[in-house]
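Let me begin by presenting the structure, written as structure tokens, before commenting on it.
Since every read-out is calculated from the coordinates, none of them should be taken as a lab result. Because the structure is a prediction, the values reported are computed rather than measured. No Cβ is skipped: glycine too gets one built from the backbone with ideal geometry, and neighbour counts run over all protein chains shown.
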Amino acid sequence: MTETGTGAPVVLLPSMLIGGATYRSAVDAIARRARVLVVELPGSGRGSRLRAPWSLERYARCVDDTLRALRLDRVTLIGHSLSGAAALVTGALYPERLSGLVLADSVGVNPPRSILSLACARAADMLREPRFSVRTAPAFLYNLLVHTRSALDLVRIAATVDLSGYAARVRVPTLLAWGARDRTVPLGSALAIQRLIPGSTLVVSAKGSHDWIVERPAEFADAVARFMARGG
């Protein structure tokens, strides 16, 4: 875990297929206005190795346990892509821990239903974000080599999981932060989540793709700051 900045607590969960260092630009931008803690989950990055892959419910319980251990209440929880699914389940099961939930281009609703379809969509986004793709390739390969079983199961989850039931249970103030050019998780998924979570707010980056949280950090940090200022 890393921590930077001062102010209201924000917990960022890196996507479990890459790692915390990937989000440095986003963390620095948010930390100008808040206290940011980056928590790498087990089975990914520098997190502990798992004997068997975890379910999203187990990841959510881990987030709750971590917040309890850190004595953090009423945090803004940010999940991106795959970690957005874990954050969404956390918001449904442990709302008392959160003041707000930010889902950035999160998987979990309207999945492609096959790993091949997901891979093709991801390839389209990689062409839009070549620098990001080059930077994150070592982290992705590290997860495949060190957290092999977890990484492969997480790819399956990203391609097939439908969290509509959990989304309908979320009552925490929620920001949906999406890239208009996202092909991995298209904007239609954000609209579907918005219909499921009462009162949720959708912010769209007109030039953003799947990883705009990192590629356009100032824009993302501004969206998060506005959301938190409204009480999210």
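Numbers for the structure displayed
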{"quantity": "Residue match in the stretch 15-27 (condition: farther than 19 Å from Tyr166 by Cβ and of a type in the set (Lys, Arg))", "calculated": "yes"}
{"quantity": "Flag if Ser44 is more than 13 Å from the chain's Cα centre (by Cα), surrounded by 20 or more Cβ atoms within 10 Å (Cβ to Cβ) and either aromatic (Phe, Trp, Tyr) or under 22 Å from Thr136 (Cβ atoms) (or both)", "calculated": "yes"}
{"quantity": "Positions within the stretch 57-74 being surrounded by fewer than 21 Cβ atoms within 10 Å (Cβ to Cβ) and among the aliphatic types (A, V, I, L, M), in sequence order", "calculated": "Ala69, Leu70, Leu72"}
{"quantity": "Positions within the stretch 195-213 being part of a helix (DSSP H, G or I) and surrounded by 22 or more Cβ atoms within 10 Å (Cβ to Cβ), in sequence order", "calculated": "Trp212, Ile213"}
{"quantity": "Unique residue being surrounded by 24 or more Cβ atoms within 10 Å (Cβ to Cβ), on the phi > 0 side of the Ramachandran plot and in contact (Cβ under 8 Å) with a residue 12 or more places away in the chain when the list is Gly84, Gly91, Gly108", "calculated": "Gly108"}
{"quantity": "Residue count, the stretch 1-59 (criterion: of a type in the set (Gly, Ala, Ser), farther than 14 Å from Leu82 by Cβ and in contact (Cβ under 8 Å) with a residue 24 or more places away in the chain)", "calculated": "10"}
{"quantity": "Output for the stretch 124-164, where each listed residue is over 19 Å from the mean Cα position of the chain (by Cα) and more than 18 Å from Met16 (Cβ to Cβ)", "calculated": "Ala124, Leu127, Arg128, Pro130, Arg131, Val134"}
{"quantity": "Positions within the stretch 47-91 being assigned to a loop (DSSP other than H, G, I, E, B), under 20 Å from Ser200 (Cβ atoms) and within 16 Å of the chain's Cα centre (by Cα), in sequence order", "calculated": "Ser81"}
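The rows are residues; the columns are (1) buried (at least 19 other Cβ atoms within 10 Å of the Cβ); (2) closer than 20 Å to Ala218 by Cβ.
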| site | (1), (2) |
| --- | --- |
| Gly5 | no, yes |
| Val11 | yes, no |
| Val27 | yes, yes |
| Ala52 | no, no |
| Ser55 | no, no |
